[in-house]
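Structure, as structure tokens:
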Amino acid sequence: MTRTTLPAPGPLVRARAYLGRAAAIGVAMARFAKLGRKDGVDNGVRAFRALGREIGGALRGRGGDRDCTLCGWSGERFGPIYYVDSYREDTLCYACGSTDRVRLLPLFCRDTLAPFFGEKRRRVLDIGPLSNSRRFFPDDVDYVSFDLYAPHAMVRGDLVAAPFADATFDLWVCFHVLDLIEDDDRAMRELYRILAPGGVGLLDNAMNWNAPTEEYGRARPEEAMHRRRYGHDLPDRLRKIGFEVEIVDVERTFDEATRARYGIHPRKFLVCKKPSAGAA
Ligand SMILES: [Zn+2]
């Protein structure tokens, strides 16, 4: 395993993280109250209680069996993540704000994809990067981060007209970006174009695997500005563009102990391969 052990955040970093979390919960509650969503406000109260338990445990010096793959935080449980009508415990890293879908990426890239990265030096495009997402990938890659707005992105631009030549990258990561883009078909074609033959794309969105894609017709503020909820037709849409699509089930990919330790919940994401040149 190539993952390096990260130093755990010190007490000051922890205190600042917990304060920041409390402020974020307060802001979200105010927003939900303004939207008239009592369910959202109630979820905020539950989140405050979970934060209180976490701080209490930390003050008593109680260790934990949860570890963040990104920042080295450890504790009893990850924090909850919630929207107006959903609440999921043990998901959000109090220190770096990563969620389970983000924490699984370093595991997947550094372990599951170790042979891919071991073959040669890879060119990686990180679309919609977090400030610390360089850590997803092995050290010896050529890394480019790309976003429409994020100040920490190395290249700023729009995915529907990606400012990269054809076949520039061996791997891209596109987590929770497509559902924000109006012309997602064009974005998918760009994702195909900029990937080298034999290259791999890791794609994730909020999914409802039991229904076809639901188009909202607008960006929904109450759903983090998502324009749609993708459904079971997404893999076939990508196949039509030319990708070979594999659905990765994290419950099969990571054992139970690993999932518990890193707070990874059951989910599926897509591995989109561009066929090698000359492949039938
Ligand atoms: Zn973290």
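The values are calculated or read from the model by the stated rules, or taken from the named source; none is laboratory data. This one's a predicted model, so the numbers in the text were calculated from it and none came from an experiment. Backbone-built Cβ (ideal geometry, glycine too); neighbour counts: all protein chains shown. Ligands, DNA and RNA are stripped out before the accessible areas are found, and what is left, the full protein with its side chains, is counted by its heavy atoms. Shrake-Rupley method; radii C 1.70, N 1.55, O 1.52, S 1.80 Å.
Odds and ends about this structure:
- Placing +1 on the Cβ of every Lys and Arg and -1 on the Cβ of every Asp and Glu, with nothing else charged, gives the chain a dipole about its Cα centre of roughly 820 debye.
- Zone residues, the stretch 200-219, relative to Asp142, backbone N less than 20 Å from point 7 Å out along Cα-to-Cβ: 200-202
- Rounded if a/c under 1.5, otherwise prolate or oblate - the stretch 11-92, Cα gyration tensor axes: prolate
- Between amide H atoms placed 1.01 Å from N, distances below 5 Å from His176 occur with Asp204, Asn205, all of them 5 or more places distant or on a separate chain.
- For the stretch 104-260: accessible area per residue (Å², 1.4 Å): 46 Å²
- If you bin all the Cα-Cα distances of the stretch 210-257 at 5 Å, starting from zero, the percentages per bin are 5, 16, 16, 18, 18, 16, 9, 2, 0.
- Peptide ranges 199-209, 108-118 listed from the most packed, as the mean C-beta count within 10 angstrom indicates: 199-209, 108-118
- For peptides 96-103, 225-232, sequence by mean Cβ density within 10 Å, most packed first: 96-103, 225-232
- Cysteines without a disulfide-compatible partner [the chain; Cβ-Cβ under 4.7 Å]: Cys109, Cys174, Cys272
- Seen against the Cα atoms of the chain and their longest principal axis, helix 184-193 is set at about 60 degrees.
- For the chain, share of DSSP beta bridges that run antiparallel, in % to the nearest 5: 45 percent
- Normalising the average separation of contacting C-alpha pairs (under 8 angstrom, six or more residues apart) by the number of residues puts the relative contact order of the stretch 100-273 at 18 percent.
- Each peptide in 251-260, 21-30 receives the mean, over its residues, of other Cβ atoms within 10 Å, and ordering these scores from highest gives 21-30, 251-260.
- Taking Cα atoms only, the orientation of helix 11-34 departs from the longest principal axis of the chain by about 80 degrees.
- Filter on Lys120/Lys268; Lys34/Lys268; Lys120/Lys273; Lys120/Lys274 - keep pairs with C-alpha separation over 23 Å: Lys120/Lys268; Lys34/Lys268
- Straightening the chain between Ala277 and His232 buys 13.4 nm, computed as 0.36 nm per residue apart minus the Cα-Cα spacing.
- When the charge dipole of the chain is built from unit charges on Cβ atoms (+1 for Lys and Arg, -1 for Asp and Glu) and taken about the Cα centre, the candidate among Leu203, Ala114, His226 whose Cα reaches farthest toward its positive end is His226.
- Separation in nanometres of the label points that stand 7 Å from Cα toward Cβ, at Arg88 and Arg46: 1.3 nm
- Between Arg156 and Arg252, the distance separating the two model label sites (each 7 Å from Cα on the Cα→Cβ line) works out to 4.2 nm.
- Phi angles across the stretch 108-117 convert, under the Karplus curve 6.51 cos²θ - 1.76 cosθ + 1.60 with θ = phi - 60°, into 3J(HN,Hα) values of 5, 5, 7, 9, 4, 8, 3, x, 4, 6 Hz, Gly and Pro given as x.
- Bins of 5 Å from zero: percent of alpha-carbon pairs in the stretch 100-273: 2, 8, 17, 21, 22, 18, 9, 3, 0
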